[in-house]
């Protein structure tokens with residue numbers, strides 16, 4: 001083979017690689033992940049083919065099932081979009097779970113104490129409070145990181161436990177339902193429920209989550225702020241040299257991801273639980289990390305990944321009810337898929353890079 | 001609450017004794033991670049590895065103990081459980097090693113994903129195997145060290161523990177010797193400080209790192225198994241309660257040194273033990289104004305963040321920590 005032919009071949013490989021890497025790896029990773037998931041089911045004495053069929057019909061088998069899946073998508077998508085911005089800047093916020101709880105708490109306080117406000121103002125205040133709650137909780141690791149160089153991975157994770165314990169205390173203490181004996185707050189006034197799409201159970205939060213997808217995309221790729229965040233992520237020292245205030249970007253992405261997690265928190269409690277209590281999250285903050293990674297930290301990818309994970313979660317719930325398979329299966333398969341994607345991705349990059 | 005009670009002698013003895021015990025699982029994880037990070041690999045998956053080690057250890061001990069055909073005694077079942085925990089930890093380490101060393105995937109992302117994977121798989125398998133009943137193992141009895149355990153106060157605090165405590169202290173010394181007084185340790189540290197130079201001097205960087213990641217994960221898995229098999233004697237969802245992450249933080253606090261890791265882990269054990277004791281006292285005195293137990297439970301997490309304020313210079317960190325090694329790169 002002549003040298004030119006070899007260069008050409010290398011060129012075509014290189015041209016192919018972005019496409020292969022951005023679509024091929026996730027798809028192949030998902031396939032491998034589902035296969036390993038099948039092995040896990042065999043260990044658990046479940047027929048994998050039947051199980052996956054059950055999952056699909058449980059999550060997408062009809063209008064009711066699709067509605068459930070979309071409702072489940074909303075918190076994953078909202079949190080995942082925020083994390084996608086933080087991860088782009090290589091700021092590893094793994095405290096979305098805690099920020100979700102604090103958003104639910106602050107928004108929940110509005111729902112509990114101001115239900116007599118005019119409905120539109122009430123709802124907007126409630127959502128705003130959720131955003132502020134999540135952002136404030138993320139402000140702590142942000143300040144710790146830029147002021148004291150404290151690693152955000154550890155601080156955000158520790159703050160998860162603190163937030164959950166704090167809400168647990170409030171729900172059985174000061175905020176406990178008067179006269180009740182369960183560790184839950186009083187029920188929110190019906191006025192606090194988000195409006196629904198006529199004739200369905202799809203609430204405004206779901207629409208908001210999907211509407212944010214192009215907005216976050218625009219933010220990341222078409223604004224100076226997004227450019228700076230990505231620059232900090234690709235190499236902080238170079239970004240600093242180019243005159244970017246790295247600290248300000250770190251604070252921004254943490255607040256942004258915290259805000260969206262907080263928004264997810266208040267949307268979830270005001271549309272599903274109607275109360276504050278310890279069990280308001282099904283580990284969304286952690287699943288959303290995987291959503292952001294599987295979605296390749298791209299808002300549209302995050303939308304697809306969150307839909308896919310919602311199918312897995314709802315499907316696993318169906319399997320739990322119908323076949324007695326523990327619903328934790330969904331968590332395990334999600335992580336296996338992301339591990340497989342990581343592996344395939346790295347392999348592709350090594351072969352073609 | 002009567003704070004005088006806290007200051008009583010017997011209370012202090014019980015507090016410190018429990019503190020030492022509670023330090024053990026975290027300390028084992030810290031030791032494992034020190035070995036791994038010294039070789040230049042940042043393994044953030046400890047929480048997941050501990051969960052898998054904890055479940056594997058618990059299940060092995062449980063089945064051995066309850067299977068009359070095999071007929072192992074409770075004591076032996078517990079030891080074999082610990083071994084199972086180590087092996088499970090090693091297999092998790094293998095996953096991390098393939099991802100981070102062979103495939104050179106991003107180590108932060110791999111580690112975080114490994115946590116979700118380990119916790120998810122353990123919870124799933126536990127629920128699958130034990131449905132809703134709370135299964136227990138008989139665990140390990142304390143082994144008072146002859147003569148020494150009879151020393152007043154000191155004997156109770158130091159020499160009346162389960163063998164896992166003595167084993168862990170021995171491991172602190174062994175890991176210290178391994179890292180700083182053997183050729184093996186020199187190899188591990190050199191691939192973490194200057195892999196290109198290590199390669200030039202004839203070392204296989206990848207192989208040393210594989211050994212460090214898998215060997216380190218063995219100790220992490222053992223830490224998880226000690227908690228479930230020898231201490232709590234059960235498994236439940238979220239049983240590691242952030243211990244793996246606390247261990248990650250303690251490695252930084254300990255400046256990658258086993259001796260400082262011992263001090264850091266003891267500090268945590270004591271904080272944990274203190275919050276347990278205050279909770280117990282609060283329950284005795286009903287009606288009095290007490291600290292809500294949730295705030296006491298926050299103590300270790302707050303302390304972890306505070307611990308990170310006390311850390312060494314950047315130069316103490318392994319030079320290429322978290323960076324994959326590509327041959328021929330300087």
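Kindly state which helices (runs of 4 or more DSSP H) lie completely within region B:85-182 and contain at least 2 residues that are closer than 30 Å to residue A:323 by Cα.
B:107-130
Considering A:292, A:303, A:332, which residue is more than 13 Å from chain B (Cβ to nearest Cβ), crowded, with 24+ Cβ neighbours inside 10 Å and under 18 Å from the mean Cα position of the chain (by Cα)? Give the steps one after another, and end with the answer.
Values: A:292 fails: more than 13 Å from chain B (Cβ to nearest Cβ); A:332 fails: more than 13 Å from chain B (Cβ to nearest Cβ).
Exactly one of A:292, A:303, A:332 is more than 13 Å from chain B (Cβ to nearest Cβ), crowded, with 24+ Cβ neighbours inside 10 Å and under 18 Å from the mean Cα position of the chain (by Cα), namely A:303.
Just one of (1) within 14 Å of chain B (Cβ to nearest Cβ); (2) within 24 Å of residue A:251 (Cβ to Cβ) trips up residue A:219, so point out which.
Here residue A:219 clears every test but (1).
Pick from region B:86-104 the residues that are touching a residue at least 60 places away in the same chain (Cβ under 8 Å) and over 10 Å from residue B:49 (Cβ atoms): which of them is farthest from the other protein chains (Cβ to nearest Cβ)?
Ranking the qualifying residues of region B:86-104, first place goes to B:86.
Are any of the residues in region B:107-126 out of contact with any helix residue (DSSP H, G or I) (no Cβ under 8 Å at 6 or more places or on another chain) and at the interface with chain A (Cβ under 8 Å from one of its Cβ atoms)?
Scanning region B:107-126, I find no residue that is out of contact with any helix residue (DSSP H, G or I) (no Cβ under 8 Å at 6 or more places or on another chain) and at the interface with chain A (Cβ under 8 Å from one of its Cβ atoms), so the answer is no.
If residue A:173 passes every condition in (1) touching a helix residue (DSSP H, G or I) at 6+ places or on another chain (Cβ under 9 Å); (2) modelled with pLDDT of 95 or more but one, which one does it miss?
So the condition that residue A:173 fails would be (2).
Go through region A:180-195 residue by residue and tally those that are assigned to a loop (DSSP other than H, G, I, E, B) and touching a strand residue (DSSP E or B) at 6+ places or on another chain (Cβ under 6 Å).
First, pick out the residues of region A:180-195 that are assigned to a loop (DSSP other than H, G, I, E, B): A:180-183, A:186-189, A:193-195.
Then drop every residue that is not touching a strand residue (DSSP E or B) at 6+ places or on another chain (Cβ under 6 Å), which leaves A:194.
Of the residues in that region, 1 qualify.
For residues that are assigned to a loop (DSSP other than H, G, I, E, B) and buried (at least 17 other Cβ atoms within 10 Å of the Cβ), scanning just region B:301-322, find the one that is nearest to the other protein chains (Cβ to nearest Cβ).
B:308
Working carefully through the options B:81, B:93, B:120, find the one that is within 30 Å of residue A:93 (Cα to Cα) and under 16 Å from the mean Cα position of the chain (by Cα). Walk me through how you get there before you give the answer.
On the way: B:81 fails: within 30 Å of residue A:93 (Cα to Cα); B:120 fails: under 16 Å from the mean Cα position of the chain (by Cα).
Within the list B:81, B:93, B:120, the selection yields B:93.
Given B:218, B:307, which one is modelled with pLDDT under 95 and under 18 Å from the mean Cα position of the chain (by Cα)?
That would be B:307, the only listed residue that is modelled with pLDDT under 95 and under 18 Å from the mean Cα position of the chain (by Cα).
Residues in region A:156-167: is at least one away from chain B (no Cβ under 14 Å), on the phi < 0 side of the Ramachandran plot and either surrounded by 15 or more Cβ atoms within 10 Å (Cβ to Cβ) or in contact (Cβ under 8 Å) with a residue 60 or more places away in the chain (or both)?
Just the residues of region A:156-167 that are away from chain B (no Cβ under 14 Å), to begin with: none.
Taking every residue of region A:156-167 in turn, none turns out to be away from chain B (no Cβ under 14 Å), on the phi < 0 side of the Ramachandran plot and either surrounded by 15 or more Cβ atoms within 10 Å (Cβ to Cβ) or in contact (Cβ under 8 Å) with a residue 60 or more places away in the chain (or both).
Quick one: would you say residue A:106 is more than 14 Å from chain B (Cβ to nearest Cβ), in a helix (DSSP H, G or I) and touching a strand residue (DSSP E or B) at 6+ places or on another chain (Cβ under 7 Å)? I'd like the intermediate steps shown before the answer.
Details: more than 14 Å from chain B (Cβ to nearest Cβ): yes; in a helix (DSSP H, G or I): yes; touching a strand residue (DSSP E or B) at 6+ places or on another chain (Cβ under 7 Å): no.
In short, no.
Looking at this structure, is residue B:56 within 14 Å of chain A (Cβ to nearest Cβ), more than 13 Å from the chain's Cα centre (by Cα), assigned to a helix (DSSP H, G or I) and at pLDDT 95 or above?
For residue B:56, the condition - within 14 Å of chain A (Cβ to nearest Cβ), more than 13 Å from the chain's Cα centre (by Cα), assigned to a helix (DSSP H, G or I) and at pLDDT 95 or above - is met.
Return yes when residue A:281 is closer than 30 Å to residue A:109 by Cα, within 14 Å of chain B (Cβ to nearest Cβ) and either buried (at least 20 other Cβ atoms within 10 Å of the Cβ) or in contact with a strand residue (DSSP E or B) (Cβ under 8 Å, 6 or more places away or on another chain) (or both) and no when it is not.
The answer is yes for residue A:281.
Just one of the numbered conditions (1) part of a helix (DSSP H, G or I); (2) surrounded by fewer than 16 Cβ atoms within 10 Å (Cβ to Cβ) is not true of residue A:198; which one?
Result: residue A:198 passes all but (1).
The values are calculated or read from the model by the stated rules, or taken from the named source; none is laboratory data. Just so it is clear, the model here is predicted, and its values are computed rather than measured. Backbone-built Cβ (ideal geometry, glycine too); neighbour counts: all protein chains shown.
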